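Remarks on the structure that follows.
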Amino acid sequence: GRAVWNKGPQGVLEQTRDVEKNLPFPLLGMDFDNGSEWLNWHLVRYLQERVVPVKLTRSRPYHKDDNAHVEQKNWMWPRQVLGYARLESPAAVPLINQLYKETWGPLQNFFLPSAKLVAKHREGSRWVRRHDRPQTAYQWLVSSGQLGRKQAQRLRDWYYAVDPFELARQTDKQLRPILK
């Protein structure tokens with residue numbers, strides 16, 4: 001997660017580059033909604049004009065419910081940690097990004113599991129959902145087999161070096177000036 005002050009293409013591109021730089025794997029594809037903050041030529045050009053272009057997919061025009069997972073992540077990242085109050089100061093943006101990178105992101109990715117929907121079918125009038133075993137984002141990534149040995153070792157070292165209780169304390173500490 002990253003914050004930008006407005007929907008300007010330069011800010012979105014800058015934060016996208018920062019996210020990509022911190023990923024433990026190459027960016028192969030990107031799925032985004034129809035918002036003007038994403039559908040801009042700066043970002044599309046950046047992702048397409050490279051040796052191996054990034055595959056871009058988007059929801060269908062005028063079908064706002066196509067990206068339920070994007071909205072679910074919106075609740076998980078900004079709303080869950082920052083709440084619904086409007087943040088009125090551009091000075092909060094670097095503080096929020098520092099929070100995301102240093103404490104909130106590692107806490108979410110290493111220690112808070114989620115369950116992926118495996119199957120969904122209808123039995124009579126109700127839907128029956130089957131979920132995979134809950135895992136953290138770190139566990140999903142390692143078990144995917146997509147990481148190289150060095151990448152997996154770097155993540156493993158990071159995982160063993162952090163304390164979830166200390167991350168939670170630091171998150172609370174970093175939130176105070178943002179929410180003032």
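Here Lys101 fulfils each of the conditions (1) free of Cβ contacts under 8 Å to residues at least 40 places away in the same chain; (2) open to solvent by 70 Å² or more (accessible area, probe 1.4 Å) apart from (1).
Give me the residue from region 58-68 that is surrounded by 11 or more Cβ atoms within 10 Å (Cβ to Cβ) and out of contact with any Lys or Arg (no Cβ under 9 Å at 6 or more places or on another chain) and, out of that set, modelled with the highest pLDDT.
As a first pass, look at region 58-68 and keep what is surrounded by 11 or more Cβ atoms within 10 Å (Cβ to Cβ): 58-59, 64, 66-67.
Now restrict to residues that are out of contact with any Lys or Arg (no Cβ under 9 Å at 6 or more places or on another chain): 58-59, 64.
On the way: Arg58: 73, Ser59: 67, Lys64: 57.
Among those residues, the one meeting the criterion is Arg58.
Taking the condition modelled with pLDDT under 85, in contact with a helix residue (DSSP H, G or I) (Cβ under 9 Å, 6 or more places away or on another chain), outside the structural domain of Gln170 (by the TED database) and surrounded by fewer than 14 Cβ atoms within 10 Å (Cβ to Cβ), does Glu37 pass? Judged against the criteria, Glu37 is not a match. Hey, Val19 hits all of (1) open to solvent by 40 Å² or more (accessible area, probe 1.4 Å); (2) of a type in the set (A, V, I, L, M); (3) at pLDDT below 90 but one; which does it fall short on? Of the numbered conditions (1) open to solvent by 40 Å² or more (accessible area, probe 1.4 Å); (2) of a type in the set (A, V, I, L, M); (3) at pLDDT below 90, the odd one out for Val19 is (3). Against the conditions (1) touching a strand residue (DSSP E or B) at 6+ places or on another chain (Cβ under 8 Å); (2) touching a residue at least 12 places away in the same chain (Cβ under 8 Å), Gln151 satisfies every one except (1).
The values are calculated or read from the model by the stated rules, or taken from the named source; none is laboratory data. Because the structure is a prediction, the values reported are computed rather than measured. Neighbour counts are summed over all protein chains in view; Cβ atoms, including those assigned to glycine, are modelled from backbone coordinates with ideal geometry. Keep in mind that these areas ignore ligands, DNA and RNA; they rest on the heavy atoms of the full protein, side chains included. Shrake-Rupley method; radii C 1.70, N 1.55, O 1.52, S 1.80 Å.
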